[in-house]
Each structure stands twice: as structure tokens, then as C-alpha cells.
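FYI, it's all coordinate maths here, none of it is from the lab. Being a predicted model, the structure only gives us computed values, none of them experimental. Every residue, glycine as well, gets a Cβ built from its backbone with ideal geometry; the counts of neighbours run over all protein chains shown.
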Amino acid sequence: MYNSPSRIETAVTTKTRKQDFGREAESSPYESVWTLVSIGLLGLMVMGVNVVQAAQIEQVAIKYQGGDLSEWAAAGVTIVLDRAGDLALRQKCRRLGLRYYRIYNVFYPSNPDIDVDTDALVSDQGKSSQNLHSPMLCPAHESVRQAKLEAIAKDLTKFDPDGISLDFVRFHLEYDNHRSSRWRLDWEEVLPDAAAERFMQFSFDRESLQRFQHDMGVVINASLNNSKAAAKEILSGHREAWQRWKCGLVTSMVAEISRVALALNSKTTVMIHLVPWRVDEFDNALGLVAGQDPVSLARHVDVFAPMAYHPFLGREADWVGRYTRYLRDLTGKDVWPCIQAMPIDLQEHEDLPKYSVTEMKSAWESVVASGANGITLYGPAVGDLAAMELIKGFTLDQK
């Protein structure tokens, strides 16, 4: 028996949480390995962006990719996001007074790992997903949801993180651009002038279609084995119900994860990575295609971290600040936008925009101007020569 999104959400009682950033920690001597991340943050201070005291920026979170934690702390980092799951890293963070967050890939086989026998997602064209982020898992498949919830619960017990950061918490999507399907990204290359009809959305597999009918009381006349025909019927005649259903599945999963985390530690901060679109952009693609409804999600999270990689998205740096204000006003929650702190090296994407330290500085200043009290940094990775050049202020080509 399926639980409809509405019943699931009604069953979850959301606790009122007060974030606690004041945990005491032991001091620790500096470690010997120089981290590029701290060089980057210190470099920003030299260029006039005060990491520690800039406007209302109180929390600086960084996606951990290796390096010297004591140098991070000295540079102004307050939160370390760990995707891999490293107990030694957790203990180092505690000693240095850094808050430790676990990144969970929700509808994805890894982090934490699950092994579940489930059908592939199917697009409105009747094809399975083939892009760089596949294979994502389907939010409508109950076996996926239960396996991931159990894995996250075990991980929370093992790590006792200060916070959790939810990624890949959406439906898989693709945008039909000039790339071959094998090398196509999804939201990362959706430019401001993207055409709504070129979005490819998922999942029209048989199990999902059965659940949609059950949950929403909709009857699909097309054969459930004919995904393309069923998709055409749904998107022409049941579009609003389809959007509400997809958003409900994603929101209810976030609610369940939040409930489990808070039951183990009531002070856990819940962060979510959001596709950086306004709700009305691209013909409501954020909800209709990705299944993300910021207003509903806000009931179950403390912080939004929209993935605001403005060069990828064909946006100017000041857009980052505008979007931060928009999302904060929409949800009433803290917004710590995630900005690029390195050129993202994708060898098959030679034509991606150049990225320079000026871009990073401009994005940072835009976040400060928005009044945000936190920021999230993507990179850089230790030993990354491109990141080193970025810190030095050079404009680089993608490798």
C-alpha cells in the first residue's frame, strides 16, 4: 500500500529547532599540510573581502575535498560538509570547533550506499536517463525510499553530525541542449533563455504511474507500458496533479529524514541543496520537473543552499545575491548559497565559461550584499593546480 504525499506529510510532526553554533571544542596545534581552501579564503581577505567579519556572514561552510582543517579554521571556515563519511574528520572537526555536517545523496545509490533492485527512471519520451548524473533513483519507488531512510538512520547513529546536508533530493531531469546524452548535464547548463519544451522530465515507468494513479485518484487511459503515451496524457490533462505529486514525494522524504535526524539529536541543523530556479521560471520547472517546492520544504529544513554556480548558469555574479534574497523572502529561512570556489573540471565540457578569482570575489560580495548570514563554497580540492591558479587570481580555461 502506498502512502500519498499528503498523508505522509500530515503524519510528520516538525519540531521547532534553535540552531546552536556555540559548541565548545578543544584547541589543537596547527597541522602541517597547507590547504588550498584556506589559501583561497585568506586570499579573499587580502583582496578586500573579510571572511570572518564581512557584513552578516557568520557561517562559512565548505564541501570537504581534503586539506588541513586547522588552516580552514584560521581562514574563517565554521562548517565542514563531508560527503564520503570519515570518522577521523568528524573528530578533527570537534577538536577544532568546526561544525561537522554529513552530506546525504538522497535519491542516489551512494552516500550512504544502498543496493536495491528497482526499475530505471523513464522520461516523457519513453527513454531511460543517460546523462552524467545517472543513475538517480526514483522518489516514487517505495523500496528506494525505505532503503535510503534506513541507511541514513544508521549513518546518523554512527557519526552524530551537527547537521545534515541533503543533496540529489529531487527527481532526475535533463535539458536537451547541444550535447550528446552521455555527456549532458541537467540543471547546471540551463541558461536564462532556456525553452520549457526542451526539459526532459522523469519518471513515467510503470511503478511510478501506478503510484501516481493511487495517490492522486487519477485514471490514466493510456497503457502503463507505453510511457510516452502516458506522459503525453498526464502533461496535457493532469499537469497540476503531476506537479503536486512529485513535490509531495520529495517533501515527504525530506520530512522523514528530518524526523529521524531530530529524534537522534534535537539540535541537528537540516540543510538542503536546491536547484537554483525561481518557482515560476521555465514554466514551473522547479516543481513540475525537479519536484522541489521551496515553501513546502521550508517546513522541514533550517537552511537552503541553492547551487548558485553562476558561470555555469550563464548569470552575472550579482544574480547570486538577488536569488538569495528571493529564496529567503519566499521561505522565511536562512539561505547560504553555494558558490564556485574553483573551476569545475569536466574534461568533456571544454566550452564551459572561464572562471577567475574575480568571479569568486564578485559572487561573495553579492552574497554579502544580500544580507545572508552564511555562505557555502564548492571547492577547491587539495592539489588542484587549477584551484591554485584561481587563488592567485588568474583566469583559467577549463581543462
**Asked** How big is D, in µm² s⁻¹, for region 197-353 by Stokes-Einstein at 10 °C and 1.306 mPa s if Rh is the Kirkwood radius over C-alpha pairs?
**Response** 90 µm²/s
**Asked** Short version: ³J(HN,Hα) in whole Hz for each residue of region 300-312, in order, from phi by Karplus 6.51 cos²θ - 1.76 cosθ + 1.60 (θ = phi - 60°), x for Gly and Pro, what are they?
**Response** 10, 10, 9, 9, 9, 10, x, 7, 8, 7, 4, x, 4
**Fill in**
Amide H contacts under 5 Å for L137, restricted to residues at least 5 apart in sequence or on another chain and with H modeled in the peptide plane, are Y108
**Prompt:** So what J values fall out for region 237-248 if you push phi through Karplus, 6.51 cos²θ - 1.76 cosθ + 1.60 with θ = phi - 60°, rounded to Hz, Gly and Pro as x?
**Reply:** x, 9, 4, 5, 5, 4, 5, 4, 5, 5, 5, x
**Request:** Give me the compactness ratio for region 244-304, meaning the Cα radius of gyration over 2.2 N^0.38 Å.
**Result:** 1.17
**Request:** Would you compute, for the Cα atoms of region 58-170, the largest minus smallest coordinate along each principal axis and list the three values in descending order, in whole Å?
**Result:** 52, 27, 22
**Complete:** Given backbone amide H placed at 1.01 Å from N, residues whose amide H is under 5 Å from that of Q59, ignoring those fewer than 5 places away on the same chain, are G374, I375
**Asked** Ranked highest first by the average count of other Cβ atoms within 10 Å around their residues, in what order do 211-223, 245-257 fall?
**Response** 245-257, 211-223
**Fill in**
Mean Cβ-within-10 Å packing, highest first, puts peptides 104-112, 333-341 in the order 333-341, 104-112
**Prompt:** Can you give the convex hull volume of the alpha carbon atoms of region 155-281 per residue, in Å³?
**Reply:** 157 Å³
**Item:** Long-range HN-HN contacts of Y104 with modeled amide H, under 5 Å
**Value:** S165, L166, D167
**Request:** Report, to two decimal places, the Cα Rg of region 212-254 normalised by 2.2 N^0.38 Å (N = number of residues).
**Result:** 1.18
**Asked** Whole-Å semi-axes of region 275-338's equivalent ellipsoid, largest first, each the root of 5 times a Cα gyration tensor eigenvalue?
**Response** 18, 15, 9
**Complete:** Stretched fully, the stretch from N226 through L191 gains (0.36 nm per residue minus C-alpha distance, one decimal, in nm) 9.4 nm
**Message:** Please list 3J(HN,Hα) in residue order for region 323-339, calculated via the Karplus relation 6.51 cos²θ - 1.76 cosθ + 1.60 where θ = phi - 60°; whole Hz, with x for glycine and proline.
**Reply:** 5, 4, 5, 4, 5, 5, 5, 5, 9, x, 10, 5, 10, 10, x, 8, 10
**Complete:** Taking N as the number of residues in region 209-292, the ratio of its alpha carbon radius of gyration to 2.2 N^0.38 Å works out to 1.34
